[in-house]
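The values are calculated or read from the model by the stated rules, or taken from the named source; none is laboratory data. It should be emphasised that the depicted structure is a prediction, and the values quoted were computed from it without experimental measurement. Cβ atoms come from the backbone with ideal geometry, glycine included; neighbour counts cover every protein chain shown.
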2 protein chains.
Amino acid sequence: MTYKVGILGATGAVGQEIIHLLHERKFPFSELRLLASSRSAGKVQEYQGNSWTIEETNQSSFKDLDFCIFSAGGGQSKTFAPIAKEAGCIVIDNSSAFRMDPSVPLVVPEINPEAALTHQGIIANPNCTTAISLMGLFPLHKAFGLKSLIACTYQAVSGSGAEALQELDDQLMAWSKGKNIPPKVYPHPIAFNVIPHVDDFNDDGFTREEMKLLHESRKIMDLDDLMVNCTCVRVPVRRAHSIAITASFENAIDLSVAKEAIKAFPNVELIDNPQQLEYPMPINYSGVSSCALGRMRKTEILPNGLSFWVTGDQLWKGAALNAIQIAELLISRNSAS
Amino acid sequence: MTYKVGILGATGAVGQEIIHLLHERKFPFSELRLLASSRSAGKVQEYQGNSWTIEETNQSSFKDLDFCIFSAGGGQSKTFAPIAKEAGCIVIDNSSAFRMDPSVPLVVPEINPEAALTHQGIIANPNCTTAISLMGLFPLHKAFGLKSLIACTYQAVSGSGAEALQELDDQLMAWSKGKNIPPKVYPHPIAFNVIPHVDDFNDDGFTREEMKLLHESRKIMDLDDLMVNCTCVRVPVRRAHSIAITASFENAIDLSVAKEAIKAFPNVELIDNPQQLEYPMPINYSGVSSCALGRMRKTEILPNGLSFWVTGDQLWKGAALNAIQIAELLISRNSAS
């Protein structure tokens, strides 16, 4: 079996990774349709000797497609997901538009694959910080029963798109020449800075990004009572998010059991030999399919407390890879029709 | 009255800031003696038209000095602090050598000035992360009664000294030319990376830096039962540390009372208008005497919980400035003899 696959937002940072990963993972596509805004329409996308002409997204873009991965922001998703669904195309949506919709499954294939099978045409991909955090949290939850967590993030600029990555590079290149250029993508300079602000602020002082970790974690792990506190911070890293987590569990922590739980879980590596200077870092997990967990240590600050550190490529597990894994899951379960 | 002042470690990142701040604050010194290792001895230090010859530290370096600020690491402090004290010179020590010594006061002048007056010749300056964190935590403790806190740090490279700052600059300059240079100061590249590792690891998986926040906070605030969990992370920022803190208090939090407590406390600014994109950031608090607190929000994750973000110049409030403030305090209380 082969499948006709579309990418909405093909020219963006995530879209480009989807093109790469569909090839690298030998996804069985017979057609690849690259959709974007009118601004990009007509441009030619090349990859490994193949080329595609970017098409402007419209009402008939989804005809005959089996899957379309949406990575063009919430507005585009809200407009085109119902149209794609109507055309019989399964939408895997990277935006936040449908994540909390009770009729839309929110899926990390390693965690809640069964939820994907209940889809009614749209499946949501989680927020990048949530997906990466849960790759560490879920195996520990299965071992000890997760109750609450406090997270601080160290988020890479490419999470804000290709323009933000360019902005960091441009600011540093200007610095190297003794110059200074004003920020455009971020409200403040990101070179040599950290910005405790990701996504918009709610009235209670938390950002929407910080609340996603609460709401999405509850939905994906089916933990209605989970408590989450998060501080999201942008750092001058090109790629791969890191999250420092201190969590409380129902049952007493046994560190060797915790380490085995991580090792036994697919697509997360235990990198936890601090005396040998081994812990996960963004430079080692950029362009890597696995996430990594380290700095694991018991803490008395919370009941049955455990502190740890997770790193993962937010363009891959946090977006492109997880979306493709969802399509692969549907194919393997023969429900992609 | 004027005073004879020495700086041990005068050529280091903190030593250079001490020279600057003694002048900027018009510290009443009649003599400034710059001490360093044999490597720097004989070099000439210039500042605002004045010049000093760097002297190699030896047994007689402290003769006739009223104060000497030590910023040359724990080894030098252990060797020379007893000698200086014997010579009648008050040692203000930036290293961790004496901080937990019960006979040595550990002082943040805004918090526990009275402790400084009990000195027996040596006064310890806190760890940079501790000093900056406490500038936010202490006024909130006075308002609500601090019980526990979870902190994640975003620490600037100059906290590791002038060589580390040079290393970040060198790595970025090499990157701007399409080159790559191996790390020397840090065990991993710091450009475009974050490293969850500051100071050495203990057997329980916490670093010594992470434990300083516990032990030093307890001592400075006289809170023997305070619980602290910390994750220390080095980020590619040149100067000024930031700390994301979620704390639990004895009494219910009133946000307006919390904000007033910060505003009323000396040398910490409330920068907390997120909707206007105003929150503390390292680029705004480098070379600034005040620390800043923002992102303040109530949280249900801990009893009477409050999350916030503190930023401060770790070379100043975290080291040079706090040390000079201690000397100024002793002078103002007429106990500098």
field: Among (1) at the interface with another protein chain (Cβ under 9 Å from one of its Cβ atoms); (2) in contact with a Pro (Cβ under 9 Å, 6 or more places away or on another chain); (3) surrounded by 24 or more Cβ atoms within 10 Å (Cβ to Cβ), the one test that A:ARG234 misses
entry: (1)
task: Quickly run through region A:207-225 and pick out the residues that are within 14 Å of chain B (Cβ to nearest Cβ) and crowded, with 22+ Cβ neighbours inside 10 Å.
output: A:GLU209, A:GLU210, A:LEU213, A:SER217
task: Search region A:139-166 for residues being surrounded by fewer than 22 Cβ atoms within 10 Å (Cβ to Cβ) and either in a loop (DSSP other than H, G, I, E, B) or charged (D, E, K, R) (or both), and hand back the single one that is farthest from the other protein chains (Cβ to nearest Cβ).
output: A:LYS142
- prompt: Tell me, which residue of region B:281-305 that is more than 8 Å from chain A (Cβ to nearest Cβ) and crowded, with 24+ Cβ neighbours inside 10 Å is farthest from A:ILE301 (Cα to Cα)?
  reply: B:TYR285
task: Assess whether A:HIS119 counts as being closer than 26 Å to A:THR79 by Cβ, more than 14 Å from every other protein chain (Cβ to nearest Cβ), more than 19 Å from the chain's Cα centre (by Cα) and not small (Gly, Ala, Ser).
output: yes
- request: Residues being in a helix (DSSP H, G or I) and not basic (Lys, Arg): count how many of those fall in region A:215-233.
  value: 5
- prompt: Among (1) touching a residue at least 24 places away in the same chain (Cβ under 8 Å); (2) surrounded by fewer than 21 Cβ atoms within 10 Å (Cβ to Cβ); (3) among the acidic types (Asp, Glu), which single condition is B:ASP272 missing?
  reply: (2)
statement: Exactly one of B:LEU134, B:LEU106, B:LEU149 is closer than 20 Å to B:VAL198 by Cβ, at pLDDT 95 or above and more than 18 Å from the chain's Cα centre (by Cα), and that residue is B:LEU149
task: Look through region A:170-199, keep the residues that are free of Cβ contacts under 8 Å to residues at least 12 places away in the same chain and more than 9 Å from chain B (Cβ to nearest Cβ), and return whichever of them is surrounded by the fewest Cβ atoms within 10 Å (Cβ to Cβ).
output: A:GLY178
- prompt: Within region A:50-92, which residues are touching a residue at least 60 places away in the same chain (Cβ under 8 Å) and among the acidic types (Asp, Glu)?
  reply: A:ASP64, A:ASP66
- request: Only residues in region B:11-34 that are aromatic (Phe, Trp, Tyr) count as the first member; pair them with residues that are not in a helix (DSSP H, G or I), Cβ under 6 angstrom, at least 6 apart or cross-chain, and list the lot.
  value: B:PHE29/B:TYR3; B:PHE29/B:VAL5
query: Condition test on B:ALA258, is it modelled with pLDDT of 95 or more and in contact with a helix residue (DSSP H, G or I) (Cβ under 9 Å, 6 or more places away or on another chain)?
result: yes
field: Residue list for region A:1-48, restricted to those being of a type in the set (D, E, K, R) and in a loop (DSSP other than H, G, I, E, B)
entry: A:ARG25, A:LYS26, A:ARG39, A:LYS43
